[in-house]
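Computed from the coordinates by the stated procedures, all read-outs in this text should not be read as laboratory data. Worth saying up front: this structure is predicted, and the values here are computed from it rather than measured. Cβ sites come from the backbone with ideal geometry, for glycine too, and all protein chains shown count toward neighbours.
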């Protein structure tokens, strides 16, 4: 069940999951399935924001054993499933009960780690529903701190989750650096990947009434669309922030000891570097059409990274090559 659905709902992350060593693949797959379920609830904007918030709360209680999941799944199938345009997300809602039961079968440590990260993710998704509400009037995040908070809750916390599992399963053999340092870099890594998504999806989010980039004094009056030049200026600032975080993420990857685990860990970073390389020179018209790394190039990066990964000191050079070679 898990592999087939994950392949449909996230092709890029599915590649990483397939490469993970077996000892951490299960709980990370489980955490991702549950997070994608809550994400589907939060993103179904044809359901009123207050109802999405109520279902997110119920889902969180089900994950923590405080609510029966059978009734919840039936209601998700009735109220949310017919509104999905993505076949993968439609199927995902058929397996809510199965995923929660899977959570009950893993070790106590893994169950606690999954619940901990989902608590943070659900908080971020709930804040998203509260801040942007129902579709209609265009709304903005008003402060840089709110964007930093959001990227931590929905992705930086995932970096912590990944790191917590790896230290549990490998102990001192996991990393060359301290737990404190690895957790700090992990937060930056997750935030960078979420920022990439925000920057790439900016035109589409605007169409849906959301602007995650704080525009400060240059934000237009309530409900009005910002000028592309203003958006591009804001994007450039956050692209720099993203690059800073990716450099910290590279320190994280270089510190991972197990070769296979390091390969699975560094691939999202390398693809993010390439995506950011395409975004930087892209004008607003190009961004509206969509910016992404083509599948043949993804395969090429994977092959080259497999060799470069054998010598961790070579990884920053390859990232720089991907960053500048557009």
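Kirkwood radius and radius of gyration were both taken over the C-alpha atoms of the stretch 226-315, and their ratio Rg/Rh is 1.05.
When you count the other C-beta atoms within 10 angstrom of each residue and take the mean per peptide, 51-59, 194-202 line up highest first as 194-202, 51-59. Within the listed set 192, 264, 62, the residue fluctuating most in the Gaussian network model of the chain (springs between alpha-carbon atoms under 10 angstrom) is 62. Computed over the stretch 90-174, the quotient of the alpha carbon radius of gyration and 2.2 N^0.38 Å is 1.38. Fewest neighbouring Cβ atoms within 10 Å first, the residues 96, 311 line up as 311, 96. Among 237, 250, 306, the residue with the largest mean-square fluctuation in a Gaussian network model of the chain, with springs joining Cα atoms closer than 10 Å, is 237. Label-to-label distance, residue 57 versus residue 236, with points set 7 angstrom from Cα along the beta-carbon direction: 4.5 nm. Compactness of the stretch 199-275 was expressed as the Cα radius of gyration divided by 2.2 N^0.38 Å, which yields 1.46.
Note on residue 218 and residue 288: their simple-model spin labels are 1.9 nm apart, each label 7 Å out from Cα toward Cβ. Taken over the stretch 136-326, the convex hull of the Cα atoms encloses 114 Å³ per residue.
Only helices enter the 222 nm calculation for the chain: every DSSP H run of n ≥ 4 contributes -39,500 (n - 2.57), and dividing by all residues gives -23000 deg cm²/dmol, rounded to 500. Sorted ascending by nearby beta carbons within 10 Å, beginning with the fewest, 34, 307, 20 become 307, 20, 34. Computed on the Cα trace of the chain, the radius of gyration divided by the Kirkwood hydrodynamic radius gives Rg/Rh = 0.95. Distance from the Cα centroid of the stretch 220-252 to that of the stretch 128-153 is 14 Å (rounded to whole angstrom). With contacts taken as Cα pairs under 8 Å and at least 6 residues apart, the stretch 136-326 reaches a relative contact order of 25 percent.
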